[in-house]
Amino acid sequence: MDIEILSEQRSFGGVQGFYRHTSDACAAPMRFAVYTPPQAAHGKVPVLYYLAGLTCSEETFVIKAGAQRLAAELGLMLVAPDTSPRNTGIAGENEAWDFGTAAGFYVDATQAPWSAHFNMYSYVTRELPALIAANFAADATRQGVFGHSMGGHGALVCALRNPQTYRSVSAFAPIVAPSRCPWGENALPRFLGDDKSRWKNYDATELVQQKIFPGTILIDQGEADKFLVEQLKPELFEAACARAGQALMLRRQPGYDHSYYFISTFIEDHLRHHAAVLTQG
């Protein structure tokens with residue numbers, strides 16, 4: 001599990017690094033970012049995975065969210081993978097901003113040609129955590145996941161399907177019902193085929209009715225988000241959680257949009273939400 005160091009910089013007593021490795025799951029080079037807090041010099045620390053949204057990369061959260069200062073205070077390792085494999089040679093992979101490159105939707109594709117490389121679900125839930133545990137002072141028994149938009153969808157799906165892996169979960173403006181919004185209706189059939197029953201494995205609103213996450217799910221949603229009505233539809237997930245008995249803290253934030261100004265405003269609440277669970281030992 002060799003990794004290539006692209007860069008490392010001192011930050012709030014810890015290290016912000018960018019790395020690359022050859023992924024088996026994606027059959028391609030993959031990049032990821034890791035913030036290692038100062039507490040890691042004395043032993044293993046909890047790990048919080050952040051999944052970014054459409055058009056983003058492993059750099060977006062690191063540069064825009066302003067999370068390192070509090071992560072250093074709380075002793076959290078932050079890991080941010082890229083949002084898809086890149087330059088795979090698949091025809092059309094770069095043609096749209098909401099499908100293909102930087103738009104892997106955190107699924108394991110079953111349809112050719114995407115299935116050869118676009119296996120972000122396996123990458124995020126299995127390959128990357130193993131890589132982090134092998135190369136960093138990460139406590140694999142204390143992992144959480146969160147994300148934004150497409151990455152919020154990914155975080156909810158990963159947590160609901162793997163409650164034994166993730167102790168905590170939260171999301172900013174997640175795509176909670178991709179089976180019922182244009183982004184998902186465009187991507188899911190191309191990745192997974194036309195059988196909509198297969199889509200349910202990557203739809204948080206469907207999953208939460210089958211398996212409850214053993215903890216409170218925190219979601220922040222801006223009320224001025226231009227994607228709120230057509231794409232995000234938090235009310236669908238809220239209703240599904242109510243029916244299933246899933247603990248949910250859905251906070252609707254007046255005046256906030258879909259941007260990282262919104263994320264950076266509430267990032268402290270999310271890090272503290274995760275730390276309250278992950279730092280218990």
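The values are calculated or read from the model by the stated rules, or taken from the named source; none is laboratory data. Note that the structure is predicted; figures quoted are calculated from it, not measured. Here the Cβ is made from the backbone with ideal geometry for all residues, glycine too, and neighbour counts use every protein chain on show. These accessible areas exclude ligands, DNA and RNA; they are computed on the full protein's heavy atoms, side chains included. Shrake-Rupley method; radii C 1.70, N 1.55, O 1.52, S 1.80 Å.
Which of the residues belonging to the range 196-240 are in contact with a strand residue (DSSP E or B) (Cβ under 7 Å, 6 or more places away or on another chain) and more than 21 Å from TRP183 (Cβ to Cβ)?
PHE213, GLY215, THR216, LEU218
Could you list, in sequence order, the residues of the range 235-251 that are open to solvent by 10 Å² or more (accessible area, probe 1.4 Å) and either touching a residue at least 60 places away in the same chain (Cβ under 8 Å) or touching a Gly at 6+ places or on another chain (Cβ under 8 Å) (or both)?
Residues satisfying the conditions are LEU236, ALA247.
Output the number of residues of the range 12-50 satisfying the condition of being assigned to a strand (DSSP E or B) and open to solvent by 20 Å² or more (accessible area, probe 1.4 Å). Spell out how you get there, then give the answer.
Residues of the range 12-50 assigned to a strand (DSSP E or B): 14-23, 28-36, 45-50.
This time we only want the ones that are open to solvent by 20 Å² or more (accessible area, probe 1.4 Å), so: 15, 18, 20, 22, 29, 31, 36.
Residues flagged as assigned to a strand (DSSP E or B) and open to solvent by 20 Å² or more (accessible area, probe 1.4 Å) within the range 12-50 amount to 7.
Among residues belonging to the range 260-275 that are within 19 Å of GLY215 (Cα to Cα) and touching a strand residue (DSSP E or B) at 6+ places or on another chain (Cβ under 8 Å), point out the one that is surrounded by the most Cβ atoms within 10 Å (Cβ to Cβ).
HIS274
Collect the residues in the range 98-135 that are in a loop (DSSP other than H, G, I, E, B), crowded, with 20+ Cβ neighbours inside 10 Å and not β-branched (Val, Ile, Thr), keeping them in residue-number order.
Taking the range 98-135 as the starting set, the residues that turn out to be in a loop (DSSP other than H, G, I, E, B) are 98, 101-102, 104-107, 109-113, 117-118.
Remaining after also requiring crowded, with 20+ Cβ neighbours inside 10 Å: 101-102, 104-107, 109, 117-118.
Hits for the range 98-135 are ALA102, GLY104, PHE105, TYR106, ALA109, HIS117, PHE118.
Give all pairs with beta carbons closer than 8 Å in which a residue from the range 50-72 that is closer than 20 Å to TRP97 by Cβ meets a residue that is of a type in the set (Lys, Arg); count only pairs at least 6 apart in sequence or on separate chains.
SER57/ARG31; GLU58/ARG31
Suppose we filter the range 1-11 for residues that are surrounded by fewer than 13 Cβ atoms within 10 Å (Cβ to Cβ) and β-branched (Val, Ile, Thr); how many remain? Full working, then the answer.
Residues of the range 1-11 surrounded by fewer than 13 Cβ atoms within 10 Å (Cβ to Cβ): 1-2, 4-5, 7, 9-10.
Within this subset, residues satisfying the condition of being β-branched (Val, Ile, Thr) are 5.
Here the count works out to 1.
Got a number for residues in the range 150-182 being in contact with a helix residue (DSSP H, G or I) (Cβ under 8 Å, 6 or more places away or on another chain) and either open to solvent by 10 Å² or more (accessible area, probe 1.4 Å) or at positive phi (or both)? So that I can check it myself, show each step before the final result.
Of the residues in the range 150-182, the ones in contact with a helix residue (DSSP H, G or I) (Cβ under 8 Å, 6 or more places away or on another chain) are 150, 153-154, 156-158, 160-162, 165-182.
From the residues that got through so far, the ones that are either open to solvent by 10 Å² or more (accessible area, probe 1.4 Å) or at positive phi (or both) too are 161-162, 165, 167, 173, 179-180, 182.
Going through the range 150-182 one residue at a time, the tally reaches 8.
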